[in-house]
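Worksheet: one structure, shown below.
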Amino acid sequence: MNAKTLILLALQLAIMGTVFTYGLQAKRDDLLYVIQRPGLLVRSLLSVLVIMPLVVGGCVYFLDLPQSTAVVLTALSISPVPPLLPQKQERAGGVAPYGLGLLVVLALASIVTAPLSTAFFDWLFALPLAMAPGAITKIVLKMIIAPLAAGVLVMWLAPRAAQHLLAPVRRIANVLLIGGVLVLLAGTWHATWSATGQWTVVALVAFVLAGLLIGHWMGRPEPAHESVLALASASRHPAIALALAAANLPDAQFAPTLVLYLILCTLLTIPYVKWQRRRAA
């Protein structure tokens, strides 16, 4: 098992652990929050699954991007599962049930939309991408549905144990996520710096800012919905994007561009979260 495999495993465990903690706190109404609001559901799906891939298509068409950047952007845009969303949206004054319900809906919808999106990008830009429904189903079930269901089951069968598990599992997941990103950064800092050229930074910044603006606008008129959808549109977990990219081009180096995206996304979303927190106060 090489270093790349270990890092990917750490990120996968981080996302599974994070989603498991959501299940430990979930209520039935939380999971149905988006389904019970059809208008919000449609706007959410359009923002994350339709408009953001079109934004990426514009970046690939108008900017002279290296192949690794184009593939990473595409993988990010069709990976609509931001597992840290419920944590971020709470700091931004969002509605917790909306964040959790959106996580589940987007995970299930991506089983259909991810293969369609990869086929679209391959046809339009000749990007070497392909994703069978079975492949994305396996990722979604393993990294989202299964840990969420396990957490819900523990909460229903042993609510006291769920309370005791919540804090330690969350800490372990955060350590794995931060550790995985730091190892990536330490091992790829030179390549990450080199990746700042060739319009890569412009494309990544455009992706994050477009996600914040589009999600915020599509989440109106409720401020609590604005923050959740804005962060969901702009913030994507690196594990799924890396898995999608590596499955298509296993020999390519995507880590530097993904690390650069994480840095830029973190920096660009901080002012938005603070602004929304002040509005909610």
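So the values come out like this:
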{"read-out": "Residue in region 228-251 that is modelled with pLDDT of 75 or more, under 18 Å from Leu65 (Cα atoms) and assigned to a loop (DSSP other than H, G, I, E, B) present", "value": "no"}
{"read-out": "Condition check for Arg279: touching a helix residue (DSSP H, G or I) at 6+ places or on another chain (Cβ under 6 Å), outside any helix (DSSP H, G or I), modelled with pLDDT of 75 or more and not hydroxyl-bearing (Ser, Thr, Tyr)", "value": "no"}
{"read-out": "Filter result for the condition that a residue is within 18 Å of the chain's Cα centre (by Cα), surrounded by 21 or more Cβ atoms within 10 Å (Cβ to Cβ), closer than 30 Å to Ala224 by Cα and of a type in the set (A, V, I, L, M), over Leu45, Leu24, Leu49, Leu41", "value": "Leu49"}
{"read-out": "Flag if Leu184 is under 16 Å from the mean Cα position of the chain (by Cα), at pLDDT below 85 and in a helix (DSSP H, G or I)", "value": "no"}
{"read-out": "Selection count where residues are over 30 Å from Ala126 (Cβ atoms) and aromatic (Phe, Trp, Tyr), scope region 18-69", "value": "3"}
{"read-out": "Scan of region 52-68 for residues that are among the hydrophobic types (A, V, I, L, M, F, W, C) and surrounded by fewer than 18 Cβ atoms within 10 Å (Cβ to Cβ), ordered by number", "value": "Leu54, Phe62, Leu63"}
{"read-out": "Entirely in region 1-71, the helices (runs of 4 or more DSSP H) that have 2 or more residues that are acidic (Asp, Glu) and out of contact with any strand residue (DSSP E or B) (no Cβ under 7 Å at 6 or more places or on another chain)", "value": "28-31"}
{"read-out": "Near pairs, Cβ below 6 angstrom, 6+ apart or cross-chain, from region 267-281 (closer than 29 Å to Val201 by Cα) to any residue that is among the basic types (Lys, Arg)", "value": "Val273/Arg91"}
{"read-out": "Residue in region 217-229 that is surrounded by the most Cβ atoms within 10 Å (Cβ to Cβ), counting only those that are in contact with a Phe, Trp or Tyr (Cβ under 9 Å, 6 or more places away or on another chain) and over 14 Å from Leu41 (Cα atoms)", "value": "Ser227"}
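The values are calculated or read from the model by the stated rules, or taken from the named source; none is laboratory data. Since this is a predicted model, take the numbers as computed values, not measurements. Counting neighbours? That spans all protein chains shown, and the Cβs are built from the backbone with ideal geometry, glycine included.
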